[in-house]
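The values are calculated or read from the model by the stated rules, or taken from the named source; none is laboratory data. Please read these numbers as outputs of a predicted model, since none were measured by experiment. Positions of Cβ are generated from backbone atoms using ideal geometry, with glycine treated the same way; all protein chains shown enter the neighbour counts. Side chains are part of the model used for accessible areas, which takes the heavy atoms of the whole protein and leaves out ligands, DNA and RNA. Shrake-Rupley method; radii C 1.70, N 1.55, O 1.52, S 1.80 Å.
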Amino acid sequence: LCGRVVIAVCSSNKSDTTDNPFNWDERREMIQRALQEKNLIEADVTIVGVPDVSEDAKWIGHVKEKAGAFDAVWTGNRLVQKLCEAAGVEVKEIKKVPGFDGGSILQMMRDDDAFWDEKVSSSVAAYIKSIDGPNRVRNLG
């Protein structure tokens, strides 16, 4: 399908917020664990952090600087889609599965719903618990 996969974690400079409760290193660790658990890490996969920039017009160049050259972007984020399309980058839409997106899982943690861990791989759930993730998320409100 493709020779190389780059997973860009946007807002990598943000943490301890309701939208981004985990820091860049923690998010990278979660992705690595999920890929390893599903035996997907054997592919040529690179995970890069992409800090936010203040101007939308500079964003795609910033992503290319961090991720290197790419032919297409898979995203479920409307703003990312719009910025990529404006720059002539092919966009493939990731359709969110209700209840299995990050926002829903974070809300389950905020609501102290013990079943949040069924929405992520077991290795990711164990890691989030090891860093006291659910309590941290609840404390952020």
Of 9, 91, 50, the only residue that is touching a Cys at 6+ places or on another chain (Cβ under 6 Å), within 30 Å of residue 139 (Cα to Cα) and not small (Gly, Ala, Ser) is 50
Taking the range 89-126 and the residues there that are open to solvent by 50 Å² or more (accessible area, probe 1.4 Å) and of a type in the set (Val, Ile, Thr), the one that is nearest to residue 68 (Cα to Cα) would be 94
Going through (1) in contact with a Leu (Cβ under 6 Å, 6 or more places away or on another chain); (2) aromatic (Phe, Trp, Tyr); (3) touching a residue at least 60 places away in the same chain (Cβ under 8 Å) one by one, residue 59 fails only at (3)
Within the range 13-42, of all residues that are outside any helix (DSSP H, G or I) and over 21 Å from residue 109 (Cα atoms), the one least open to solvent (accessible area, probe 1.4 Å) is 41
Say whether the condition of being open to solvent by less than 40 Å² (accessible area, probe 1.4 Å), of a type in the set (Ser, Thr, Tyr) and in contact with a Pro (Cβ under 8 Å, 6 or more places away or on another chain) is met by at least one residue in the range 68-80. no
If you go through 61, 49, the only one that is over 17 Å from the mean Cα position of the chain (by Cα) and at pLDDT 90 or above is 61
Residue hits (the range 43-67; in contact with a strand residue (DSSP E or B) (Cβ under 8 Å, 6 or more places away or on another chain) and either β-branched (Val, Ile, Thr) or open to solvent by 40 Å² or more (accessible area, probe 1.4 Å) (or both)) are 43, 44, 45, 46, 47, 48, 50, 52, 63, 66
Taking the range 127-141 and keeping residues farther than 14 Å from residue 109 by Cα and either touching a residue at least 40 places away in the same chain (Cβ under 8 Å) or surrounded by 16 or more Cβ atoms within 10 Å (Cβ to Cβ) (or both) leaves 127
